[in-house]
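The values are calculated or read from the model by the stated rules, or taken from the named source; none is laboratory data. This structure is a prediction, so every number in the text was calculated from the model and none was measured. FYI the Cβ positions are ideal-geometry reconstructions off the backbone, even for glycines, and counts take in every protein chain you see.
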Amino acid sequence: MFTEFKEQLFSNWHPMRWVALTLAAILGYNWFVYSASVSGVLSLFFLFQAVTNTGCIAGQCGVPTGNYNEEDIDNIEYEEINTKQL
């Protein structure tokens with residue numbers, strides 16, 4: 001578990017991840033200096049996203065693609081459902 005977290009923490013640092021980390025640091029500073037609780041919550045939110053590389057930072061929230069065969073896609077079976085009341 002620790003090795004997976006370590007790999008996730010130290011890999012794939014794209015520019016938006018750095019922006020989220022910088023924003024978390026600025027909001028965290030604002031939280032400590034002015035005791036702004038909203039800044040603290042936002043700081044923790046952006047820090048979590050930057051550290052774990054989760055969330056929708058720069059379009060990273062897409063649906064993961066799977067390995068599908070073309071035969072599986074072409075042979076989809078459908079069942080018609082009648083929605084009319086009797």
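Please work out which residue is surrounded by the most Cβ atoms within 10 Å (Cβ to Cβ), limiting yourself to the stretch 18-58 and to residues that are under 26 Å from LYS6 (Cβ atoms) and among the small types (Gly, Ala, Ser).
ALA50
Could you list, in sequence order, all residues of the stretch 6-60 that are of a type in the set (Lys, Arg) and modelled with pLDDT of 80 or more? Working first, answer last.
At the first step, the residues of the stretch 6-60 found to be of a type in the set (Lys, Arg) are 6, 17.
Once the filter is applied, which keeps residues that are of a type in the set (Lys, Arg) and modelled with pLDDT of 80 or more, the stretch 6-60 yields only ARG17.
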